[in-house]
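As structure tokens, the structure follows; a few thoughts come after it.
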């Protein structure tokens with residue numbers, strides 16, 4: 001009677017299905033990423049300025065459009081206009097949780113200077129230590 005060899009269990013993981021799934025997900029994300037736009041469409045003024053350093057905290061962006069409506073990139077619906085009181089409340093609540101978050105004003109170029117200053121005063125009263133102004137580079 002010949003001796004039968006005992007088969008050992010294979011201890012390798014077949015990763016080919018995982019690679020296939022990852023490639024499909026990569027293609028899906030590459031196609032959908034350019035289609036996603038965030039924020040309110042405003043016509044930013046053009047200026048020569050240095051870009052902000054990208055640290056691990058994304059900035060709070062308080063926007064004001066040509067009609068003088070306020071928006072914030074945080075909250076339930078970033079594309080929905082809000083009152084000045086709601087904006088100040090959301091900014092103050094966010095800064096209590098993350099006090100070192102940078103705050104930037106994104107004002108439409110057609111907005112009067114007074115409206116942008118009023119938004120900056122509103123943010124200062126909400127507890128923002130310093131406010132940056134968002135611009136577009138002249139080349140774009």
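The values are calculated or read from the model by the stated rules, or taken from the named source; none is laboratory data. Keep in mind it's a predicted model, so treat the numbers as computed, not measured. All Cβ positions, glycine included, derive from the backbone under ideal geometry; neighbour counts span all protein chains shown.
Among the criteria (1) touching a helix residue (DSSP H, G or I) at 6+ places or on another chain (Cβ under 6 Å); (2) modelled with pLDDT under 85, the one residue 79 does not fulfil is (1).
Number of residues in the range 67-83 that are within 17 Å of the chain's Cα centre (by Cα) and loosely packed, with under 13 Cβ neighbours inside 10 Å equals 4. Considering the conditions (1) in contact (Cβ under 8 Å) with a residue 40 or more places away in the chain; (2) exposed (fewer than 11 other Cβ atoms within 10 Å of the Cβ); (3) within 23 Å of residue 66 (Cα to Cα), residue 135 is excluded by exactly one of them, (2). Candidates are the residues of the range 84-127 that are under 19 Å from the mean Cα position of the chain (by Cα), part of a loop (DSSP other than H, G, I, E, B) and in contact (Cβ under 8 Å) with a residue 40 or more places away in the chain; the one that is nearest to residue 63 (Cα to Cα) is 108. Looking at 60, 52, just one residue is surrounded by 14 or more Cβ atoms within 10 Å (Cβ to Cβ), within 21 Å of residue 130 (Cα to Cα), touching a strand residue (DSSP E or B) at 6+ places or on another chain (Cβ under 8 Å) and modelled with pLDDT under 90, and that residue is 60.
Among the numbered conditions (1) in contact with a strand residue (DSSP E or B) (Cβ under 9 Å, 6 or more places away or on another chain); (2) loosely packed, with under 14 Cβ neighbours inside 10 Å, the only one that residue 122 does not meet is (2). The single condition from (1) over 27 Å from residue 36 (Cα atoms); (2) surrounded by 15 or more Cβ atoms within 10 Å (Cβ to Cβ); (3) touching a helix residue (DSSP H, G or I) at 6+ places or on another chain (Cβ under 7 Å) that residue 101 fails is (1). Look at (1) part of a helix (DSSP H, G or I); (2) at positive phi and you find that residue 75 fails only one, number (1). If you go through the range 14-49 and keep only what is in a loop (DSSP other than H, G, I, E, B), loosely packed, with under 10 Cβ neighbours inside 10 Å and at pLDDT below 80, you end up with 36, 37, 38, 48.
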